[in-house]
Amino acid sequence: MATEMPSLPPVRLTRDALVALLSVALLATGAAAAPLFTEGAGTGQAPPDLRALNQSLTGLVRQVRPAVVRIGVANGPASERPAPEQPPGPPEERPRVGTGFFVSPDGFLVTNNHVVAEGGEVEIRLFDGRRLTAKVVGKDARSDLALLKVDGGPFPILPLGNSDAVEIGELVLAVGNPFRLEATVTIGLVSRKGRGMGGSGPFDDFIQTDAAINPGNSGGPLVNIRGEVVGINTAVIPNRSIGFAIPANLVKTVLPALKERGRVAWGFLGVGVQSLSPAVARALGRQETDGVLVNNVMPGLPAEAAGIRRGDLILKLNGTPVKDVAALQRAVSLTAVGTAVQMEILRGGALQTLTVTVGEFRQAAAEVPVPERRAEAALGLTVEELDADKAKKFKVKEQEGLVVAAVQEGGPAAAAGLRAGDLVAEVNRTEVRALGEYRRALKMEKGAVNLFLIKRGDAHVYVALEAKG
């Protein structure tokens, strides 16, 4: 006898429940018909030109990266505290990070002077992960270059190209360790050649690029599409896609001296010179503005000994026309110390040729310091000497040197991103550790651009500040 099932009460769905059931049904039906995403086959044909460009770039990167290294300089304890679960211990050494690259298979590397200038043990980390200790063979603050050496080898190298042949618009790669992100590659164009950043001296002459360069890239290579180094990445304008590199041809000039003597003996005459403006040229009875005008002769130096006077117009050096101040400074700087050079000058409307024996450059001690208030107003910052109290106030571990004590709102320093507590390491390529050195290094004429090397934490960055009138 069959058992009769009890009847169930009728199910009554609310309007909201019915909508929910219909939505689930539609989703279930659609899931089979329309997948959430499409898997790439990896076999599609890209446009031939783009495919060739992509293959060339990836091949270039594979070729370049193994020769680039991370450089860390142990320069003080880390500020991070141990995690709560860890027992307290001695402070950990935290390196200042930069970049370098091998130029010879037997272990010579190039980097920036400001990466290793503070000394300490220099550790490098190779692309394959090995860690080696490097010796600083030589360094030069004026060109901001340093030569290191590690034992072992052979190491992969990068050749130095001809930076004079670089063209504006040329494709370049920057390789380095920005913000400790190792072996980072960025791409861009050569935006400008012969770009100055306001540094004093003959080597304010850089390759400008829009390839991303950030703190940690310093000392790394700027590479052309042939895998040749055309520049050494050295500076950046903060918060803008503008970086600067030292031309490779200057590197070729400096490296032999760094290897042989550990330093560079730059040529020096002992004169102050200025470019010839049209108004000054007319006052001298000239239509052309070529040549440079002597506005100061330093006592006891080669120019005075050769009879050069204030008001002389220098036209040629060893038969080569002198176009401007930078050309004269560069030619003299690259002349071996002790070399006698022929200088053609115009004095009182008459041409004369003088023989000058080139001396060795020493940091000028006779420069007139810039008054403190004038510097503060023109640059929009106050710089003070560090002591124990200021180090505690600004939470920096250094107790000597110079610190930015205040930044004026709306001034050049604020616009460049400077802030109180930043350390000033260099001004216009000159190391500064006291206020007197700082003021002597400044250029305060209206429109002059001063190149500051700023240290913030473990990062170093160059900042250009234009003096307000």
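The H on the amide N of residue 235, modeled in the peptide plane, is under 5 Å from the matching H of 244, each at least 5 residues off or on a different chain.
Loop only per DSSP, at most 14 neighbouring Cβ atoms within 10 Å: give me the GluC sites (Glu not before Pro) in region 156-256, ordered by residue number. If you can, show how the numbers build up before the last one.
Numbers: sites: 167, 170, 182, 228; in loops: 167, 170, 182, 228.
Passing sites in region 156-256 are 167.
Where does each of 325, 432, 68 land when they are ranked from fewest to most other beta-carbon atoms within 10 angstrom? Could you put the intermediate results ahead of the total?
Numbers: 325 17, 432 22, 68 26.
Lowest to highest Cβ neighbour count: 325, 432, 68.
When you filter the GluC sites (Glu not before Pro) in region 423-469 for DSSP loop state and at most 15 other Cβ atoms inside 10 Å of their Cβ, you are left with 445.
For region 434-469, the list of trypsin sites (Lys or Arg not before Pro) that fall in a loop by DSSP and count at most 15 other C-beta atoms within 10 angstrom reads 446, 468.
Extent of region 177-278 along its three principal axes (Cα atoms, max minus min coordinate, largest first): 45, 42, 26 Å.
Rule-based calculations on the coordinates, nothing more; no lab input. Source: prediction; values computed, not measured. When we count neighbours, we look across all protein chains shown, and the Cβ atoms used for this are built from the backbone with ideal geometry, even at glycine.
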